Structures are given as structure tokens and as C-alpha cells.
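Enquirer: Attaching a single structure in C-alpha cells format; questions to follow.
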Amino acid sequence: HAKANGRDGYQFYTEDMNRQVHERLTLENALREALPRGELELYYQPQWDLEQGGLVGFEALIRWNRPGIGQVRPDHFIPLAEETGLIQRIGGWVLEEACRQQRVWEERYSAGLCMAINLSALQFNEGLPEQVRRILDQTGVDPSRIELEITESLLMQDPDASAGLLCALRKLGISVALDDFGTGYSSLAYLKKLPLDTLKIDKVFTDGVPGNDHDEAIVKSIIDMASHLGLSTVAEGIESDEQRRFMAEAGCTLGQGYFYLPPIPASQVETELLDLGHYATKV
Ligand code: C2E
Ligand code: MG
Ligand code: MG
Ligand code: MG
């Protein structure tokens, strides 16, 4: 702290660093307690059939209801959960909770809906298939209605190991989606080798259609390529009817976004969709 009283700004610098370290520790301790204290919650964003217009399922998205602070979005705590190793327990809880909810809705509504669940790269390891198998067994959920979303970066680091893991997961009867497609490092050659079911077209491309020639071309080629590879496609971040129509005409399978509904709590899914029999109707 020798320079703390200097005129060169070091004082502000160190105090700022101290504050940042302190804030991080506070956040880390709070996050450590979040799960046992029941502060984590899953929201569900509906996914829609772009051709027929019906509700086909949900993507589960985690929220942290932080006492005295409010709701924290995953981008603000998942990276910290990954750095601290907390992601293993949090990710396990997400899998269990989403499958439990899926099972409840299956029984109560028999609506044939699906559940997509996000995975951290750090969860994508040799232990995952066994963990998923156990959760499928315990919850009694129909595996064919569960889709795991993984991001492209980690798949490409070791494509052969990834392919093996994907095979083991799909043997359980679940499907696998590649999230945020087009923003990472995917090589098209590897894509052919990976046993996937779905490509999720990232919102950055949805944002540009219709209107941006490049984005239109990219979206159309992703959808064409996916259909040639036997993969379905999900457009993320649909905010307008024009975007919905463009994606539908380009042949994209499913869509989700604020145009339909934002992620909502389970209770709201029931009152606004399931209780109304919305899954059987067309929008
Ligand atoms: P993602 O999986 O790509 O999820 C899409 C994000 O876009 C979500 O943000 C969703 O709320 C938001 N979104 C959906 N439709 C629209 C739209 O029309 N407009 C706009 N502007 N945004 C839209 P969210 O919930 O904040 O999640 C951010 C990211 O955090 C997710 O991106 C995912 O990578 C990660 N994440 C969320 N839940 C989990 C989880 O349970 N486990 C892990 N490991 N990661 C999660
Ligand atoms: Mg996702
Ligand atoms: Mg995504
Ligand atoms: Mg995204």
C-alpha cells in the first residue's frame, strides 16, 4: 500500500480493486448459499411450431431470486458458478428440476410437450450420461421429450470425445441441440460427424432478418444445411411477426422469442397456456 497516498492515482486504483475483489467474494458466498436457500428458479420460454403455429415445448432458463437485490439473469452468475465449480451442483439441480416439472406437466395435461435444458460446458464430461440416466429414472420422464442444449465451442475442442459423449446421451433416448449456432467455432466438417438433433440459430442472425442480406443468406443456408443433415432448427429471439414469417418461409422448424412470450415462471405457463389448452390450438 506504499503508493496509496501518491498523487498518481494509485490510491483510487487499489481501492477500486479491493472493492471488486470484495464484491466478487460477496457474490460468490451468496451464490454458494443460493441453492440450499431455494433462491434458484427455472423460468420457461415457450417454443412454437413455425409451420403449424402450435406450442411444442419449452426451454428452461435459470433465474436467481437474490434477497434484497432482485432477480439476477444467468449471464451474471453462470460464469462465476463455472469458475468456482458451483456449476456442477447448480447444473444438476437444473436437470432435476426441469425433468420434474416436465413430468408434472406430462401427467397433468398429456400435451406431448418437450423440455429443452441448457448445459454448461463443464457439465459435458464422462459422468454426464450416468447422471442424466439417473435423473430420467428418478423423475420417470419420457426421454424422447427431453433435449439438452450444448454450445459449440467445447464440442470442437475434442470432436471425437464429444461425438462419443453425444452418442451415449442419445442412447438414453434424449435429443441434443447445438445452442447459439453460428456464433462459435463450429467447423462444418465436424458438424457432419456429430450426432446432433437440432441447431439453434442464434439471435444475432434473427435480429438481421428480414432486411440484412448477409443475415438472410446465413439463416437460409443454416436451415438448408440442417435439413440436408437431418437436423431440425430452432430460431432464437423472434421479436416481430416479420421475423416469424421469414423464419417460417425459410423452413425453420421451431421458433421462440418475445414476439410469442418471454421466459415465464411455471405458474404462469399453467395459467396462460396449459390451463387454457393452448397447446392444442393454433396461434
Ligand atoms: P440461451 O440458451 O441462448 O438462451 C436464450 C436467451 O435469450 C435467454 O436469456 C432468453 O431469455 C433470451 N431471449 C429469448 N427470447 C428473446 C427475445 O426475443 N429477445 C431477447 N432480447 N432475448 C430473448 P437468459 O434467460 O438471460 O439466458 C442467457 C443465457 O444463460 C442462455 O442463453 C444460456 O446460455 C444461459 N443459461 C440459462 N439458463 C441456464 C441453465 O440452466 N444452465 C446453464 N448452464 N446456462 C443457462
Ligand atoms: Mg439455450
Ligand atoms: Mg441459445
Ligand atoms: Mg443465444
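Enquirer: Please compute the contact order of the stretch 156-217 in relative form: average sequence separation of alpha-carbon pairs under 8 Å and at least six residues apart, divided by the residue count, as a percent.
Expert: Working: 55 pairs, mean separation 20.4, N = 62.
Relative contact order here is 33 percent.
Enquirer: Nearest 0.05, what FRET efficiency do residue 144 and residue 20 give at R0 = 45 Å with Cβ-Cβ as r?
Expert: Working: r = 47 Å, r/R0 = 1.03.
Rounded to the nearest 0.05, the efficiency is 0.45.
Enquirer: Here is a follow-up. Expressed as a whole percentage, what fraction of the accessible surface of the chain belongs to carbon and sulfur atoms when a 1.4 Å probe is rolled over the protein heavy atoms? Walk me through the intermediate numbers first.
Expert: Working: 7110 of 14270 Å².
Of the solvent-accessible surface of the chain, carbon and sulfur hold 50 percent.
Enquirer: Continuing with the same structure: When the helix-only estimate is applied to the chain (DSSP H runs of n ≥ 4, each -39,500 (n - 2.57), divided by the residue count), what is the mean residue ellipticity at 222 nm, nearest 500 deg cm²/dmol? Let's see the in-between values first.
Expert: Working: 11 runs with 125 residues, N = 283.
So the helix-based figure for the chain works out to -13500 deg cm²/dmol.
Enquirer: Amide H to amide H, which residues 5 or more places from residue 56 or on other chains are under 5 Å from it, using H placed in the peptide plane?
Expert: The list, which skips near neighbours in sequence, is 47, 48, 49.
Enquirer: Pull up all non-local amide H partners of residue 72: gap of 5 or more, or a different chain, and H-to-H distance under 5 Å with H placed in the peptide plane.
Expert: Residues meeting the amide H criterion: 64, 65, 66.
Enquirer: I'd like the accessible area for residue 183: 1.4 Å probe, protein heavy atoms, all chains in place, Å² to the nearest 10.
Expert: Surface accessible to solvent at residue 183 totals approximately 80 Å².
Enquirer: Obtain the nm distance between the two label points defined at residue 193 and residue 271 by a simple spin-label model: each point lies 7 Å from its Cα along the Cα-to-C-beta direction.
Expert: Output for this residue pair reads 5.1 nm.
Enquirer: Also, quick follow-up: Could you size up the charge dipole of the stretch 118-254 around its Cα centre, putting +1 on the beta carbon of Lys and Arg and -1 on that of Asp and Glu, and report it in debye to the nearest 20? Please list the in-between numbers first.
Expert: Numbers: 12 positive and 23 negative charges, 115 e Å.
The calculated dipole for the stretch 118-254 is roughly 560 debye.
Enquirer: Less than 12 Å Cβ to Cβ from residue 180, Lys/Arg counted +1 and Asp/Glu -1: what total charge do the surrounding residues give?
Expert: Numbers: positive: 200, 203; negative: 149, 152, 179, 202, 236.
My count for the surroundings of residue 180 gives -3.
Enquirer: Here is a follow-up. Within the chain, how many lysine pairs that are 8 or more places apart, or on different chains, have C-alpha atoms less than 22 Å apart?
Expert: Numbers: 171/192; 171/193; 171/200; 192/200; 192/220; 193/220; 200/220; 203/220.
Eligible lysine pairs with Cα atoms under 22 Å apart amount to 8.
Enquirer: What angle do you read, to the nearest 10 degrees and between 0 and 90, between the alpha-carbon axis of helix 128-139 and the longest principal axis of the chain?
Expert: Once rounded, the angle reads 70 degrees.
Enquirer: Still on this structure, I have one more. Quick one: what are the phi-derived ³J(HN,Hα) couplings along the stretch 212-229, Karplus 6.51/-1.76/1.60 with θ = phi - 60°, whole Hz, x for glycine and proline?
Expert: Result, ordered by residue: 7, 4, 5, 5, 4, 5, 5, 4, 4, 6, 4, 5, 4, 4, 4, 5, 5, 8 Hz.
Enquirer: Can you give the net charge of the other residues whose Cβ lies under 12 Å from the Cβ of residue 127, counting K and R as +1 and D and E as -1? Intermediate results must be reported in sequence, preceding the final value.
Expert: Values: positive: 133, 134; negative: 126, 130.
Summing Lys and Arg as +1 and Asp and Glu as -1 gives 0.
Enquirer: Just going by the charge dipole of the chain, with Lys and Arg at +1 and Asp and Glu at -1 on Cβ, which of 227, 112, 90 is farthest out on the positive end?
Expert: Working it through, the farthest residue towards the positive pole turns out to be 90.
Enquirer: Moving on. Do you know the relative contact order of the chain, to the nearest whole percent, from alpha carbon pairs under 8 angstrom that are 6+ apart? Kindly include the intermediate steps, with their values, before the conclusion.
Expert: Working: 425 pairs, mean separation 52.4, N = 283.
Relative CO of the chain lands at 19 percent.
Enquirer: Hey, another quick one. Please list 275, 213, 179, 16 from largest to smallest accessible area, probe radius 1.4 Å, with all protein chains kept in place. The partial results should precede the final answer.
Expert: Working: 275 95, 213 120, 179 10, 16 60 Å².
Descending accessible area places them as 213, 275, 16, 179.
Enquirer: Can you give the extra length, in nm with one decimal, that the chain gains between residue 221 and residue 84 once fully stretched, where that is 0.36 nm per residue apart less the Cα-Cα distance?
Expert: On the way: separation 137, 0.36 × 137 = 49.32 nm, distance 3.88 nm.
Result: 45.4 nm gained on full extension.
Enquirer: What distance in nm separates the simple spin-label points at residue 96 and residue 76, each placed 7 Å from Cα in the Cβ direction?
Expert: Simple spin-label model gives 2.6 nm for this pair.
Enquirer: Whole-Hz ³J(HN,Hα) for each residue in the stretch 25-41, computed from phi via Karplus 6.51 cos²θ - 1.76 cosθ + 1.60 with θ = phi - 60°, x for glycine and proline: what do you get?
Expert: Taking θ as phi minus 60°, the curve returns 5, 4, 5, 4, 5, 5, 5, 4, 8, 4, 5, x, 8, x, 8, 8, 9 Hz for the stretch 25-41.
Enquirer: Only four residue types carry charge here, +1 at the Cβ of Lys and Arg and -1 at the Cβ of Asp and Glu. Report the dipole size of the chain about the Cα centre in Debye, rounded to the nearest 20.
Expert: On the way: 26 positive and 44 negative charges, 125 e Å.
Here the size comes out at about 600 debye.
Enquirer: Net charge around residue 86, counting only other residues with Cβ within less than 12 Å of its Cβ (Lys, Arg = +1; Asp, Glu = -1)?
Expert: Result for the neighbourhood of residue 86: -2.
Enquirer: Give me the accessible area per residue for the stretch 191-283, probe 1.4 Å, as a whole number in Å². Could the numbers behind the result be given before it?
Expert: Details: 4420 Å² over 93 residues.
Using a 1.4 Å probe on heavy atoms only, each residue of the stretch 191-283 averages 48 Å².
Enquirer: Something else: Can you work out the FRET efficiency for the pair residue 163 and residue 240, with r the C-beta to C-beta distance and R0 = 45 Å, to the nearest 0.05? Could the numbers behind the result be given before it?
Expert: Working: r = 37 Å, r/R0 = 0.83.
The computed FRET efficiency comes out at 0.75.
Enquirer: Sticking with this structure for a sec: If we sort 187-193, 67-73, 203-209, 239-245 on the protection proxy, mean other Cβ atoms within 10 Å, highest first, what's the order?
Expert: Working: 187-193: 12.4, 67-73: 10.7, 203-209: 19.4, 239-245: 15.4.
Highest mean packing first, the order is 203-209, 239-245, 187-193, 67-73.
The values are calculated or read from the model by the stated rules, or taken from the named source; none is laboratory data. Note that the structure is a prediction, hence the values are computed from the model and not measured. Every residue, glycine as well, gets a Cβ built from its backbone with ideal geometry; the counts of neighbours run over all protein chains shown. All accessible areas refer to the heavy atoms of the entire protein, side chains included, with ligands and DNA or RNA removed. Shrake-Rupley method; radii C 1.70, N 1.55, O 1.52, S 1.80 Å.
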